[in-house]
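What follows is a set of notes on a single structure, which appears directly below.
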Amino acid sequence: MCTVIGPKEQELLGGGAVFCLAEIYACDVKDLSHELHQAKRILERKAQSGMQKLSSVLELTVFLQPYKEVFNELFHLCRIALAPPSKQRCL
């Protein structure tokens, strides 16, 4: 069962909900796995150098923007997570 991606950094890059979303949108799960590992390492290094921890999908998306070609699957899923629901689904 899929869960919602939560706002905490460990939930953002934790895997479970991210991989569930990846399956729904037919992402390359193998690439995503590597991207998540590298994104975690980058964020750990940034935190050691004084960068504030990310607390939302929006902050993660903004952070990944300059690296969107490298983190293609992860960036794509972040953009999907930020998209507002369609009005058709609400009817």
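What follows draws every value from the coordinates through simple rules; no lab data is involved. Predicted model, so just to flag it, every value in this text is computed and none were measured. Cβ coordinates were reconstructed from backbone atoms using ideal geometry, including for glycine residues, and neighbour counts include every protein chain displayed.
Quick look at the numbers
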item: Local net charge near Arg79, Cβ-Cβ under 12 Å (Lys/Arg +1, Asp/Glu -1); result: 0
item: In nm, spacing of pseudo-spin labels at Cys20 and Asn72 (7 Å Cα→C-beta vector); result: 2.7 nm
item: Region 9-90, dipole about Cα centre (Lys/Arg Cβ +1, Asp/Glu Cβ -1), debye to the nearest 20; result: 220 debye
item: Alpha-carbon Rg/Rh ratio, for region 9-90, with Rh computed the Kirkwood way; result: 0.98
item: Derived scalar couplings ³J(HN,Hα) [region 69-85; Karplus, 6.51 cos²θ - 1.76 cosθ + 1.60; whole Hz; x for Gly, Pro]; result: 6, 7, 9, 4, 5, 5, 5, 4, 5, 4, 5, 5, 4, 8, 5, x, x
item: Whole-number percent relative contact order across region 9-90, with pairs defined as alpha carbons under 8 Å at least 6 apart; result: 33 percent
